[in-house]
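Have a look at the structure below before the remarks.
What follows draws every value from the coordinates through simple rules; no lab data is involved. Quick caveat, the model's predicted, so the values are computed rather than measured. So basically every Cβ, Gly included, is an ideal-geometry build from the backbone, and we count neighbours across all protein chains shown.
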Amino acid sequence: MITALLGPTNTGKTHRAVERMLEHQSGIIGLPLRLLAREVYDRVSAAVGERAVALVTGEEKRVPPHPRYWVCTVESMPVTLDVDFVAIDEVQLAANAQRGHTFTQRLLGARGRKETWLLGSQTMAPMVEALLPTATIVRHPRFSQLTYLGTLSLGALPPRTAVVAFSVADVYELAERMRQRHGGAAVVTGALSPRTRNAQVAMYQAGEVQYMVATDAIGMGLNLDVDRVVFAGRTKFDGTEVRTLEAPELAQIAGRAGRYTADGGFATLKGIPELGPRLVADIENHEFPAITQWVWRNDDLEFSSVEVLLAGLRARPRLGGLRVVEHADDHDALVQLGRRPEIRARLRSPADVALLWEVCRVPDFRKLMLESHVEFLAALFDQLTGPTGRIDSDWIGTRLGRLDSDEGDIDALTARIAFIRTWTYITHHEDWVPDALAWQERARAIEDRCSDALHERLTARFVSRDAIGPARPLAKRRPVGRNASATAKAGQLDLDHPFAGLRTLAVPAGPGSEPTVRGDEWIERMIDAGHDGFAVLDSGHLGYQGQRFAALVRGPDILHPECKLVGLDDHGAGALSRAARRARAWLRDAVAELLEPLGGLATEGLSGGARGVLYQLERGLGTLDGHGSRPQIEALSPAFLERLAAAGVVVGRQALQVRAMATPEALRLRAALWVAAHEPQARPAVPDGRSVSLAIDADLDPSYYVHVGYVVRGPRAIRGDLLAALDEATLAAAIRGEPRAIAGLGARLGVRRRDVGAVVAALGAGV
């Protein structure tokens, strides 16, 4: 079933698609930008855990062993995978001259086993009806109203305004004027790395600055708290020519104003011609001419020679409504490289031609002249067709070494980040580089350091310290440059103060406590770390490298608690949001891993009693008190009992216990889950699992003991596996009062002589 959700910005299309995907057992969602893909990945992994979600873009791959959901850029969608649900976002980009052919390929060929959703502008409706006649078109109105506000002067702009220009030079000039008039602004351009862009947006979202100056990069993929968008121009260079923006492009940008039910406005900056009445009406009502053609390129290619490959790329479409892509950098690179004698000499087989095509598709994030990029691609192909068939470690190491610096001004850092992004893309071709993971980590580390430095340079240049809002002092951002030593506002520690460095240290809160204050480097390492560095601490907190950073609090049920960050108040909104996502994702995975022994048992065709036993074992976190479930346990079939035994479940009339869920690490998690759900006045001690029985705390809810692997019998809580394995004859003899049986049972269960009678009586009560 194909569903096309079409409508203007702020209609919740992407949100609805993500929610729908999670209702299926598996799915892929293709998004137009790496930045948006990462945002959706964070959201999905926080909901279902990182073990269930893969992130795949040209520059980043996080693929766990068996992911259920794939969050990708459209170009990186693994279309050969068989999944229940597929979604493609911003499908109107099928008409884009540069990227349209990839969107068209996905529209025509990517399908979910059960459902496919296409998300985008309502201008796509006629083409969807013509080329995808089985699709159901669902139109969504905008949640809020968008209104034209006329002309506004720069000095009179109200807070929560985004000013949009269409060149980096204009953005920087406007940002400097905003600093002089309003104290500063966040800066967003397409040339920024996702990390820098996120940091600038987070500064704005947190209220540290009240304005933003951006290119049309904010028009897609960023959910912003913007009340109004003000255009500082209406023309842009699109890579070929300077042209006036079309109405749908202006509407896409203006639509950033007002989110969900909050109304928004758009205007022009004083000195820029006002928008005409017809154009205003079209933007306000989202009424634009229908898209009548999709850009197309043949993807059924042959690689017997460069000439055959080029002929395939120039093939004409068989369907109406499709037009061949007019210009593509990868095609032009192939033409130039295919003319070089030294390249042709290395094309000995179709595999070599296919490799050359893959090399030509390496993106040029630097946006150099084609000839310069082709020289780089030629050197890369020379490496890949050398004796080892891989890039030489010294060759790549030398080139990455030249980029491994966070020194320089804004322009130098921007150029360096662009080049390192190209290397990040290359290192994710794991058959191209030896020890690919190590090179990926190095490239990412360089990009991250440069991105952080660029954020600091932008903030130091375009934000006045006196303008920083209360959400997060600028001093935490370690600005550099001539103004770095300026005196901070009252109550804020100046960076050049002799004790400023102490802010980044981990300081213990008291004897025996975990550190609760961390610096920026620590929190960034934590956000990007693998699962092995995380654990539930003895205190019940979530910890990274032994330092607590989040507490478990009540959620919808015991298996789905929420996370509350602790000890991170000095960090900005962006870092806190990502840290909270990391905590939720790890916790979802930890709970899923805890319950994994029961996962293979929940199959169709089980009796009601068997389903009830599994449900109670799950809710008991691996332990079931047999007294309340005796009929269900006794009704279990021999075949199901065998399956329980194979899964490591000890089954008895008194209790059921999953052995794998009774390790010390599992018990710490089980105790933390129970405490979060029940919120006791005092945190109970966590058993280590070795104690045979525990004394009952009269002030503690008895259900705690079951959830940490013990079953209450009289004045003692007995370990579940020992109760489950009790010999029925010995128990019957003890219940009858035979002294030797009572003494033997007491010794086995670790019960003192004074308590053994009450324990035996409790054991017999349910028999």
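At-a-glance table
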| quantity | calculated |
| --- | --- |
| By average C-beta atoms within 10 angstrom, highest first, the peptides 99-111, 83-95 | 83-95, 99-111 |
| Gyration tensor (alpha-carbon) shape descriptor, the stretch 103-185, a/c threshold 1.5 | prolate |
| Given charges at Cβ of Lys, Arg, Asp, Glu: the chain dipole, positive-most of V651, G276, P289 | V651 |
| Distance-filtered residues of the stretch 315-342 - backbone nitrogen under 15 Å, label point 7 angstrom along E302 Cα→Cβ | 315-316 |
| Simple spin-label estimate for A351 and H560 in nanometres, 7 Å along Cα-Cβ | 4.9 nm |
| Relative contact order for the chain, counting Cα pairs under 8 Å that sit 6 or more residues apart, in percent | 10 percent |
| In Hz, Karplus ³J(HN,Hα) per residue of the stretch 663-675 (6.51, -1.76, 1.60; θ = phi - 60°; x = Gly, Pro) | 6, x, 5, 5, 5, 4, 5, 4, 5, 5, 5, 5, 4 |
| The stretch 232-276 residues near the modelled V335 label - backbone nitrogen below 18 Å, point 7 Å along Cα→Cβ | 239-241 |
| Unit charges on C-beta of K, R, D, E only; dipole of the stretch 566-644, Debye | 220 debye |
| The stretch 607-765: C-alpha gyration tensor shape, a/c 1.5 cut-off, then a/b vs b/c | oblate |
| Extension reserve of the R344-S464 stretch, reckoned as 0.36 nm per residue once the Cα distance is removed | 37.5 nm |
| Segment A732-E642, extension gain: residue separation times 0.36 nm, minus the distance between their alpha carbons | 29.9 nm |
| Alpha carbon centroid spacing (whole Å) that separates the stretch 24-97 from the stretch 283-303 | 21 Å |
| All-pairs alpha carbon distance profile, the stretch 312-368, 5 Å steps from 0, percent | 4, 15, 22, 21, 16, 13, 6, 2, 0 |
| Listed residue (A262, L594, V56) projecting farthest to the positive dipole end of the chain, Cβ model | L594 |
| Estimated distance in nm for a label pair at E19 and T136, the labels positioned 7 Å out from Cα along Cα-to-Cβ | 1.7 nm |
| Amide H contacts of V711 (H built 1.01 Å from N, under 5 Å, at least 5 apart or other chain) | I718, R719, G720 |
| Cα gyration tensor shape for the stretch 2-139, rounded if a/c is under 1.5, else prolate or oblate | prolate |
| V63/A758 FRET efficiency (R0 60 Å; Cβ-Cβ; nearest 0.05) | 0.60 |
| The stretch 43-48 - phi-based ³J(HN,Hα) in whole Hz, Karplus 6.51/-1.76/1.60, Gly and Pro as x | 5, 5, 5, 5, 7, 10 |
| For percent of Cα pairs over 38 Å apart, calculated from these coordinates, the label among (i) 51; (ii) 39; (iii) 42 | (i) |
| Aspartates and glutamates with Cα under 17 Å of K114, excluding same-chain neighbours fewer than 8 positions away | E19, E23, D82, D84 |
| Phi to ³J(HN,Hα) by Karplus 6.51 cos²θ - 1.76 cosθ + 1.60 over the stretch 534-545, Hz, x for Gly, Pro | 9, 6, 8, 7, 4, 6, x, 7, 7, x, 10, 6 |
| Nearest-ten-degree value, helix 436-462 long axis tilted from longest Cα axis of the chain | 70 degrees |
| In degrees, nearest ten, helix 13-22 long axis to first principal axis of the chain (Cα) | 30 degrees |
| Between 0 and 90°, nearest 10: helix 100-109 axis offset from the chain longest Cα axis | 40 degrees |
| Magnitude of the charge dipole, the stretch 146-290, Cβ model with Lys/Arg +1 and Asp/Glu -1, debye to 20 | 400 debye |
| The chain - charge dipole about Cα centre, Lys and Arg +1 at Cβ, Asp and Glu -1, debye rounded to 20 | 1300 debye |
| Gain in span if fully extended, E241 to D404, counting 0.36 nm per residue against the direct Cα distance | 55.2 nm |
| Residue among A328, L154, G207 farthest towards the positive dipole end of the chain, charges placed on Cβ | G207 |
| Geometric extent, Cα atoms of the stretch 528-650 - Rg, Dmax (angstrom) | 18.5, 58 |
| Point-to-point label distance, N285-A311, nm (Cα→Cβ direction, 7 Å offset) | 5.2 nm |
| For T3, residues with placed amide H under 5 Å, excluding near neighbours | T116, W117, L118, T136 |
| Sites E129 and Q681, calculated FRET efficiency, Cβ-Cβ separation with R0 51 Å, nearest 0.05 | 0.20 |
| FRET efficiency for R690 and A438, using Cβ-Cβ distance with R0 set to 51 Å, rounded to 0.05 | 0.80 |
